[in-house]
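Below is one structure, written out as C-alpha cells; the observations come after it.
The values are calculated or read from the model by the stated rules, or taken from the named source; none is laboratory data. Remember, predicted model here, so these are calculated numbers, not experimental data. All Cβ positions, glycine included, derive from the backbone under ideal geometry; neighbour counts span all protein chains shown. Surface areas here come from the heavy atoms of the whole protein model, side chains and all, with no ligands, DNA or RNA. Shrake-Rupley method; radii C 1.70, N 1.55, O 1.52, S 1.80 Å.
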Amino acid sequence: QVQLVESGGGLVQPGGSLRLSCAASGIIFNLHTMAWYRRAPGKQRELVAALSSGGNTNYVDSVKGRFPISRDKAKKMVYLQMNRLKPEDTAVYYCNAHLALKNYWGQGTQVTVSS
C-alpha cells in the first residue's frame, strides 16, 4: 500500500520559514519523481517543485530561489524548505510521487501565511 504522509504545515508570518516533510512508503522511492503541489483557495492545483530520480529540479516561477526541494533516499523522505514566505503562498500543500502513468498523493498539509 502506497502512503505519502506530509507534515510541517502551519501558520507563519510573512517573511518566515517552514519546512514541509513527506514520508513515503510502498513505492520504489529512488525511481519516482517526487514533487510538491499546492491548491490555494479558489485556484487550481499547481506544481510548486519537482525533483526527479536523477536529481533534476523544476520550480514554478513564483517560488524559484525561495523553496528548495530535496530528498533523503535512505529515509524515503522529501522536503520542501519554504523561505521568505508570502501571503500568496497560503495553500494546502500536497506531496506527490510520480512514475510513468502512476501518480500518488498525500492528504495535504495547510500552510497559512498571515500577520
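Some points to look at:
- Count of residues meeting criterion [farther than 16 Å from Leu47 by Cα and either of a type in the set (Val, Ile, Thr) or surrounded by 13 or more Cβ atoms within 10 Å (Cβ to Cβ) (or both)] in the stretch 74-98: 6
- Of all residue pairs spaced 6 or more apart or on separate chains, those with beta-carbon atoms under 7 Å, a first member in the stretch 96-115 that is within 17 Å of Leu80 (Cβ to Cβ) and a second member that is among the small types (Gly, Ala, Ser) and open to solvent by 40 Å² or more (accessible area, probe 1.4 Å) are Thr109/Ser7.
- Residue count for the stretch 3-21 satisfying the condition of being open to solvent by less than 70 Å² (accessible area, probe 1.4 Å), assigned to a loop (DSSP other than H, G, I, E, B) and on the phi < 0 side of the Ramachandran plot: 4.
- Count of residues meeting criterion [part of a strand (DSSP E or B) and within 14 Å of Leu20 (Cβ to Cβ)] in the stretch 81-100: 8
- Filtered residue count, the stretch 36-66, keeping only those that are more than 18 Å from Ser21 (Cα to Cα) and of a type in the set (Ser, Thr, Tyr): 1
- Test for Thr57: is it touching a residue at least 60 places away in the same chain (Cβ under 8 Å) and either in contact with a Phe, Trp or Tyr (Cβ under 7 Å, 6 or more places away or on another chain) or loosely packed, with under 15 Cβ neighbours inside 10 Å (or both): no
- Top-ranked residue in the stretch 67-80 [being in a loop (DSSP other than H, G, I, E, B) and more than 13 Å from the chain's Cα centre (by Cα); ranked as farthest from Trp36 (Cα to Cα)]: Ala74
- Filtered residues of the stretch 22-46 (kept if assigned to a strand (DSSP E or B) and farther than 14 Å from Val78 by Cβ): Arg38, Arg39, Glu46
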